[in-house]
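Enquirer: Before I ask anything, here is the structure I am working with.
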Amino acid sequence: MDLWNWIEYGAWGLSAAFGLHMAIDWLKTDSSYSEDVLTSSREGELEAMAEEHAEKHGMKS
Amino acid sequence: MTQVDITSTTMDGMGPHGTKVGLLRVLGPAHVWALGVGIVLVGEYMGWNFAVGKGGAYAALIACWFAGILYSCVAMIDSEVTSTVASAGGQYTQAKHIIGPLMAFNVGLYLVFAYTMLEAANAITAGYLFSVVASMTGHADALDQRPFIILVIMFLAWLNYRGVLATLTFNLVITAIAFIAIIVLFVSTTGLVGSGIMEHAALFEGHELPYGWIGVLAAMHFGLWYYLGIEGTTQAAEEVRSPARALPFGTLAGIMTLLIAATLTWYVCSGVLPWEFLGDGVNGSVAPLFDTARLSGSIALVWLLGFGTLFATLASANGCINDASRAWFAMGRDKYLPGWFGAVHPKYRTPYRAIVFLVPIALIFALGAPLDQVITFSILSGLLGYTFMPLNIILFRRKWPLETIKRGYEHPFHPIPALTLLTLCAVTFFAVFLGYGTQLVAMIGFYIVVSLWFHFWRYRFVNRGAQFTMPWPKPRGY
């Protein structure tokens with residue numbers, strides 16, 4: 001086995017580490033915050049106003 | 001209507017009316033430049049030279065400049081619209097506000113496919129580069145490229161997941177190095193410093209236009225490669241501190257950088273490498289700038305251009321992950337796709353679900369599809385996007401004339417850039433049809449099928465209010 005074989009194993013290992021870190025953090029985040037908070041991002045004003053209006057008047061959007 | 005100062009530090013990342021977690025506004029014009037140029041510069045390092053194979057060196061230069069006109073129009077049009085529509089999603093969001101939901105859905109898919117395919121192509125290229133380095137340093141067996149392809153995608157996805165500022169600062173550094181490497185190669189090989197090695201007259205003699213003017217037309221397909229992706233700057237719109245200033249500034253500085261880089265690249269490579277070798281990007285010159293450096297006889301240039309090639313590849317893949325995830329996120333947020341994708345990470349403030357979801361798709365294409373097919377799918381999706389842009393700006397100016405909305409940038413000579421872009425798109429479609437007619441027809445068929453699916457099924461879930469979120473006056477004629 002030469003250096004490049006070890007580098008290959010290193011690349012596999014690092015890939016798994018990065019993937020695992022994202023997966024664990026993703027699960028932790030999804031279980032720590034409500035879906036309402038995570039998906040609360042809004043592009044602009046009118047849409048959000050429409051939502052507020054719908055909530056106030058008990059309408060489903 | 002509520003007045004919202006999007007540059008306010010106390011409202012950083014917080015939108016109006018209940019946005020609890022939003023994307024972070026931390027980027028400046030340099031990051032926008034790095035995003036646009038970073039995606040594209042790999043096209044200077046490899047890929048553009050297929051244009052030489054289609055029609056000779058002069059054809060590649062003509063294609064370089066005509067494609068340069070096409071992309072200057074793209075940059076100007078994009079700068080005007082996106083300085084007004086400062087939201088994630090770029091052209092998807094523009095289409096949603098200016099044309100309508102079906103166009104927006106299609107444009108969103110063009111973006112995601114173009115960037116994800118380009119990301120896969122870059123990862124394949126990075127794997128190949130590692131195998132070249134391995135063989136140059138004495139590795140006897142063929143290197144297994146898969147772990148390196150996967151590592152590139154996983155590392156860059158992880159970087160994107162952790163935050164946009166670090167991601168695009170990384171892109172700024174490696175893109176700047178890759179661009180400077182081209183300048184250094186030009187200065188070192190053309191006689192500006194030391195003795196030059198250019199042999200244009202000898203190499204071109206008798207091969208001016210080997211396939212005539214049809215070769216020039218065919219070269220247009222790969223002429224796009226010099227600039228493909230500069231329109232990606234618009235995806236940063238929701239994360240720049242000052243959209244009206246940073247987006248036009250970064251995008252226009254980006255296209256100027258690319259026009260210089262493309263012309264210098266053509267000049268140094270065509271002055272050293274014979275056109276038959278230069279034009280064969282598979283069995284001949286895979287990385288022409290690197291090959292030119294090798295022929296210069298300078299070890300320092302070989303190292304510099306070697307790192308330049310790798311950095312350009314990584315910068316491109318990195319920018320593609322950034323852009324594809326923003327487009328996917330924006331479509332999720334508006335329920336054009338399941339709303340689940342519209343989530344923002346509460347700590348890193350990135351569209352983390354969109355980033356992670358696109359990783360396996362990029363891996364499937366990077367590990368399972370041939371490079372030329374992946375690149376062609378990316379180019380065709382991009383080209384459909386460019387065809388949308390002139391229609392978009394014409395409708396934008398018609399519905400909201402200059403006096404009705406204040407733009408961060410107003411592009412000059414309207415509608416000449418739009419009509420020029422439309423004409424050049426038509427020419428390029430014909431050029432693509434000459435080489436990849438089956439793929440072109442198959443892909444248009446695919447978009448027709450998904451459009452029908454959207455119209456008859458998905459549209460019922462779409463948040464229709466998302467089309468009217470901009471504080472614009474009523475469009476003229478409505």
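Enquirer: Could you name every one of the helices (runs of 4 or more DSSP H) located completely within segment B:5-62 that has at least 3 residues being among the aliphatic types (A, V, I, L, M) and either at pLDDT 90 or above or more than 15 Å from B:Ser285 (Cβ to Cβ) (or both)? Give the steps one after another, and end with the answer.
Expert: Details: elements: B:29-40, B:42-45, B:50-55.
The helices (runs of 4 or more DSSP H) meeting that bar are B:29-40.
Enquirer: Pairs needed: first member in segment B:232-246, charged (D, E, K, R); second member anywhere, assigned to a helix (DSSP H, G or I); C-beta distance under 8 Å; at least 6 residues apart or different chains.
Expert: B:Glu238/B:Arg326; B:Glu239/B:Val164; B:Arg245/B:Pro29
Enquirer: Now for a different question. Any idea which of (1) within 14 Å of chain A (Cβ to nearest Cβ); (2) outside any helix (DSSP H, G or I); (3) within 25 Å of B:Met256 (Cα to Cα) is the one B:Met198 doesn't satisfy?
Expert: Condition (1) is where B:Met198 drops out.
Enquirer: Scan segment B:350-368 and tell me whether some residue there is part of a loop (DSSP other than H, G, I, E, B), modelled with pLDDT of 95 or more and in contact with a Phe, Trp or Tyr (Cβ under 9 Å, 6 or more places away or on another chain).
Expert: Checked against the condition, which is being part of a loop (DSSP other than H, G, I, E, B), modelled with pLDDT of 95 or more and in contact with a Phe, Trp or Tyr (Cβ under 9 Å, 6 or more places away or on another chain), segment B:350-368 yields at least one hit.
Enquirer: Another question, if that's okay. Out of B:Ala312, B:Ala293, B:Ala330, B:Ala324, I need the residue that is hydrophobic (A, V, I, L, M, F, W, C), within 11 Å of chain A (Cβ to nearest Cβ) and in contact (Cβ under 8 Å) with a residue 24 or more places away in the chain. Which one?
Expert: Criteria check complete, one pass: B:Ala330.
Enquirer: Please find, within segment A:1-32, the residue that is modelled with the lowest pLDDT out of those that are at the interface with chain B (Cβ under 7 Å from one of its Cβ atoms) and surrounded by fewer than 17 Cβ atoms within 10 Å (Cβ to Cβ).
Expert: Restricting to residues being at the interface with chain B (Cβ under 7 Å from one of its Cβ atoms) and surrounded by fewer than 17 Cβ atoms within 10 Å (Cβ to Cβ), the top hit is A:Asp2.
Enquirer: Let me ask something else about it. For segment B:279-294, indicate whether the set of residues that are among the polar types (S, T, N, Q), outside any loop (DSSP other than H, G, I, E, B), at pLDDT 95 or above and in contact with a Leu (Cβ under 7 Å, 6 or more places away or on another chain) is non-empty.
Expert: yes
Enquirer: Give the residue that is surrounded by the most Cβ atoms within 10 Å (Cβ to Cβ), with candidates limited to residues of segment B:139-152 that are at the interface with chain A (Cβ under 8 Å from one of its Cβ atoms) and out of contact with any Ser or Thr (no Cβ under 6 Å at 6 or more places or on another chain).
Expert: B:Phe148
Enquirer: Show the residue pairs that are 6+ apart or on different chains and have beta-carbon atoms under 6 Å apart, the first residue being within segment B:456-477 and within 11 Å of another protein chain (Cβ to nearest Cβ), the second being surrounded by 15 or more Cβ atoms within 10 Å (Cβ to Cβ) and not in a loop (DSSP other than H, G, I, E, B).
Expert: That search, which allows pairs on different chains as well, returns B:Gly465/A:Glu47; B:Gly465/A:Ala50; B:Ala466/A:Glu47; B:Gln467/B:Lys96; B:Phe468/A:Leu46; B:Thr469/A:Leu46; B:Thr469/A:Glu47; B:Met470/B:His97.
The values are calculated or read from the model by the stated rules, or taken from the named source; none is laboratory data. Bear in mind the structure is a predicted one, so any value in this text is a computation, not a measurement. Positions of Cβ are generated from backbone atoms using ideal geometry, with glycine treated the same way; all protein chains shown enter the neighbour counts.
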